[in-house]
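Q: Before anything else, here's the structure in question.
The values are calculated or read from the model by the stated rules, or taken from the named source; none is laboratory data. These numbers were taken from a predicted model, which means no experiment stands behind them. When we count neighbours, we look across all protein chains shown, and the Cβ atoms used for this are built from the backbone with ideal geometry, even at glycine. Just so you know, the surface numbers come from the protein's heavy atoms only, side chains and all, with ligands and any DNA or RNA stripped out. Shrake-Rupley method; radii C 1.70, N 1.55, O 1.52, S 1.80 Å.
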Amino acid sequence: MTFRHESTSGVLQHTAKGAAPAINPFEEMANRFDQAARLLKLDPGLTKVLREPIKEIKVAIPVVMDDGRIELFIGYRVHHNIARGPAKGGIRFDPHVSLDEVRALASWMTWKCAVMNIPFGGGKGGVICDPLKLSRNELERITRRYTAELMDFFGPEKDVPAPDVGTDSQTMAWIMDTYSMHMRHTVTSVVTGKPVSIGGSAGRVEATGRGVMIAAREAGKAHGVPLKDARVAIQGFGNVGSISAKMFYMEGSKIIAVSDVNGAIQNKKGLDVPALLEYMAKKKTVVGFPGSIPLDADDLLTIDCDILVPAALENQITAENAKDIKAKIVVEGANGPTTHDADEILQKKGVIVIPDILANGGGVTVSYFEWVQDRMGFFWREKEVNERLEEMMVQSFGDVRDMAAAHKVSYRIAAYMVAIQRVAHDMQVRGLYA
Ligand code: NAD
């Protein structure tokens, strides 16, 4: 298993620790893309075009630290494809951000937006830094300078960032403010995942976790695993993991194990999720939660459960541990948590994998709603947001399920096929500008 947050290094080590993980996430993405493109008999020229990100930028971000030192951070922004609309995708603050990781994440955004059938392309950004080791003021300065360096990239019609690992609604508020200061007027639609009071959407914070639950529910219906009383294990307890836990709990599932970067906990009878969320808000970790016993972090993924939700980082389910996975259904809350080799092992074992580009598509779907509302200047009630999300998740799940059945392929390859078909079609309709 590749643990991404094992580093206890300080802020000053951010560049030295930025080494690429052993498993290259872009190659992982490209491997699945190639399989799907072959099955679709995609034109070889178009295959080349759709595999490659269209624009990549590296920015150097000088920041005055709280102690007066000048520090330099490295950031990236990648556009993978913008045929169907502005580049859409989060910004990650993490010590292990690399250009290949950002490329992979940007590509997954193209495919995810197409699977969800929303009018966006794929983009992603990241800054090599450890937000846990930075003060709020230092994070604000990094965010504002990163935004200023990318003024020509960002824009409601060009590239619309959102939160990802290590960033949140506050980060989005700083980006929106910086962009607006440069434009000399308030531009809310330049980012999504903002606080509701400054143009955010009701339901956005819960959207990814809600979508994960809906994807699991639909998969459960198709494969005989009802959510009621299902035993669920969740890796990662940030936005996606914690909200997924809440949503599954509300459906009557038993959350039997959860983890975060500090460790894992379990309770075979089911954790008291509302109390765990309160504990997490206070202690910033799940470890030590009363009514749980510690669990080895490695064992969380292989625990005996019905539904496993990896909701942390890439490359967690690998050839090494896939054979020991006992879940009936894996629902990928995180992006890229399962390697290509692991996919093959899981498929042979009969484990159903609901892929990231479908399972966690609820977040970008409500980001799309937020962008629409900002541009209309008219905001929807939470109920309306949730109903539209429900409808789109169910529709996309059905599109992928039908493709999987028609071609006798996994949900993952089917999801890529649905996405590639949509993007390729639209590129062909537009034609190539020469
Ligand atoms: P977050 O920063 O809110 O949470 C990440 C969580 O993972 C934290 O609880 C952290 O402690 C935990 N973690 C990190 N390393 C771990 C490890 N080795 N073992 C166990 N836990 C570990 O991030 P998030 O927004 O919840 O994103 C999580 C994943 O979901 C990422 O892959 C992200 O790209 C993806 N995603 C997020 C959204 C969104 O709307 N936030 C949407 C789609 C996909």
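Q: Using the crude model of +1 on Lys and Arg Cβ and -1 on Asp and Glu Cβ, and no other charge, please compute the dipole size for segment 55-188 relative to its Cα centre, in debye to 20.
A: On the way: 17 positive and 17 negative charges, 81 e Å.
Computed about the Cα centre, the dipole is about 380 debye.
Q: Apply the Karplus parameterisation 6.51 cos²θ - 1.76 cosθ + 1.60, with θ equal to phi minus 60°, to every residue of segment 134-147 and state each ³J(HN,Hα) to the nearest whole Hz, in sequence, with x for glycine and proline.
A: For segment 134-147, the Karplus curve yields 10, 6, 4, 5, 5, 4, 5, 5, 4, 4, 5, 6, 4, 5 Hz.
Q: Calculate, in nm to one decimal, what Asn31 and Leu277 gain on full extension: separation in residues at 0.36 nm each, minus their alpha carbon distance. Working shown, then result.
A: Values: separation 246, 0.36 × 246 = 88.56 nm, distance 3.75 nm.
Between Asn31 and Leu277, full extension yields 84.8 nm more.
Q: Which of the residue pairs Lys112/Lys284; Lys58/Lys158; Lys268/Lys328; Lys268/Lys349; Lys246/Lys282; Lys246/Lys283 have a Cα-Cα distance greater than 20 Å in the structure shown? Can you show the working numbers first?
A: Values: Lys112/Lys284 30 Å; Lys58/Lys158 18 Å; Lys268/Lys328 17 Å; Lys268/Lys349 24 Å; Lys246/Lys282 17 Å; Lys246/Lys283 18 Å.
Over 20 Å Cα-Cα: Lys112/Lys284; Lys268/Lys349.
Q: Between His223 and Ile198, what is the label-point separation in nm under the 7 Å Cα-to-beta-carbon projection?
A: Label at Ile198, label at His223, 4.1 nm between them.
Q: Test of understanding: what is the full-extension gain from Val372 to Asp299, defined as 0.36 nm times their sequence separation minus their Cα-Cα distance?
A: Details: separation 73, 0.36 × 73 = 26.28 nm, distance 4.23 nm.
Additional length available on full extension: 22.1 nm.
Q: How high is the FRET efficiency between Ser135 and Lys284 when r is their beta carbon distance and R₀ equals 22 Å, given to the nearest 0.05? If you can, show how the numbers build up before the last one.
A: On the way: r = 15 Å, r/R0 = 0.70.
Working from the Cβ atoms, E equals 0.90.
Q: In nm, what is the difference between 0.36 nm times the number of residues separating Glu149 and Gln395 and their Cα-Cα distance?
A: Working: separation 246, 0.36 × 246 = 88.56 nm, distance 3.86 nm.
Taking Glu149 through Gln395 to full extension adds about 84.7 nm, to one decimal.
Q: Binning at 10 angstrom from zero up to the longest distance, how are the C-alpha pair distances of segment 275-434 distributed in percent?
A: Pairs per bin, as whole percents: 9, 28, 31, 23, 8, 1, 0.
Q: Measuring from centroid to centroid over Cα atoms, what is the spacing of segment 92-162 and segment 65-89 in Å?
A: Taking the Cα centre of each part, segment 92-162 and segment 65-89 sit 5 Å apart.
Q: I've got another one for you. Can you tell me the dipole magnitude for the chain around its Cα centre, using point charges on the Cβ only (Lys, Arg +1; Asp, Glu -1), in Debye to the nearest 20?
A: Values: 52 positive and 53 negative charges, 125 e Å.
With Lys and Arg at +1 and Asp and Glu at -1, about 600 debye.
Q: In a shell of Cβ-Cβ distance under 14 Å around Tyr146, excluding Tyr146 itself, what net charge do Lys and Arg (+1) and Asp and Glu (-1) give?
A: On the way: positive: Lys58, Arg77, Arg92, Lys124, Arg141, Arg144, Arg145; negative: Glu71, Asp94, Glu138, Glu140, Glu149, Asp152, Asp159, Asp164, Asp177.
Around Tyr146, the surrounding residues sum to -2.
Q: Related question: Residue by residue through segment 112-118, what is 3J(HN,Hα) from phi via Karplus (6.51 cos²θ - 1.76 cosθ + 1.60, θ = phi - 60°)? Round to whole Hz and write x for glycine and proline.
A: For segment 112-118, the Karplus curve yields 5, 4, 6, 4, 7, 6, 10 Hz.
Q: Putting +1 on Lys and Arg Cβ atoms and -1 on Asp and Glu Cβ atoms, find which of Gly362, Val372, Ile329 reaches farthest to the positive end of the dipole of segment 322-375.
A: Farthest towards the positive end: Ile329.
Q: Count the net charge of all other residues whose Cβ sits under 15 Å from the Cβ of Arg38, scoring Lys and Arg as +1 and Asp and Glu as -1. Present the calculation step by step, with values, prior to reporting the outcome.
A: Numbers: positive: Arg32, Lys41, Lys48, Arg51, Lys408, Arg412; negative: Asp34, Asp43.
Local charge sum for Arg38: +4.
Q: For the chain, report the accessible area per residue in Å² (1.4 Å probe, heavy atoms, rounded to an integer). Before the final figure, lay out each step's value.
A: Values: 17520 Å² over 434 residues.
Computed with neighbouring chains in place, this is 40 Å² per residue.
Q: Continuing with this model, one more query. Straight-line reach from Lys55: which aspartates and glutamates fall under 14 Å, measuring Cα to Cα and dropping same-chain residues less than 8 apart?
A: Asp100, Asp152, Asp159
Q: Karplus couplings for segment 163-171 from phi (6.51 cos²θ - 1.76 cosθ + 1.60, θ = phi - 60°), rounded to Hz, Gly and Pro as x?
A: Values, residue by residue: x, 9, 3, x, 10, 8, 5, 5, 4 Hz.
Q: Could you please state how large a percent of the accessible area of the chain is carbon and sulfur, counting protein chains only and using a 1.4 Å probe? Write down the numbers at each step before the final one.
A: Numbers: 9410 of 17520 Å².
So the carbon and sulfur contribution to the accessible surface is 54 percent.
Q: So which aspartates and glutamates pass the test for Lys383, namely a Cα distance under 19 Å, with those fewer than 8 places away in the same chain ruled out?
A: Once the sequence-local aspartates and glutamates are set aside, what remains near Lys383 is Glu206, Glu251, Glu370, Asp374, Glu391.
Q: Whose amide H sits under 5 Å from the amide H of Leu295, counting only residues 5 or more places off or on another chain, with H placed in the peptide plane?
A: So Leu295 has HN proximity to Ala264, Ile265, Gln266.
Q: Follow-up question, since we're still on this one. Of Ala162, Ala60, Ala114, which is the most mobile in a GNM of the chain whose springs link Cα atoms less than 10 angstrom apart?
A: Ala60
Q: Under 10 Å, Cα contacts only: if you run a Gaussian network model on the chain, which one of Thr365, Thr47, Thr188 comes out with the highest mean-square fluctuation?
A: Per the Cα network of the chain with a 10 Å cutoff, Thr47 tops the list.
Q: So what's the back-of-envelope 222 nm ellipticity for the chain, counting only DSSP H runs of four-plus at -39500 (n - 2.57) apiece and dividing by all residues, rounded to 500? Write down the numbers at each step before the final one.
A: On the way: 14 runs with 192 residues, N = 434.
One gets -14000 deg cm²/dmol as the mean residue ellipticity at 222 nm.
Q: Of Met183, Met247, Met417, which has the largest mean-square fluctuation in a 10 Å C-alpha GNM of the chain?
A: Top of the fluctuation ranking is Met183.
Q: Could you list log10 I(q)/I(0) for the chain at q = 0.09 Å⁻¹, which the Debye formula gives when each Cα is one point scatterer?
A: Those come out to -0.52, one per q.
Q: I need the fraction of alpha carbon pairs in segment 205-359 separated by more than 18 Å, rounded to a whole percent.
A: Details: 5967 of 11935 pairs.
So the pairs more than 18 Å apart make up 50 percent of the total in segment 205-359.
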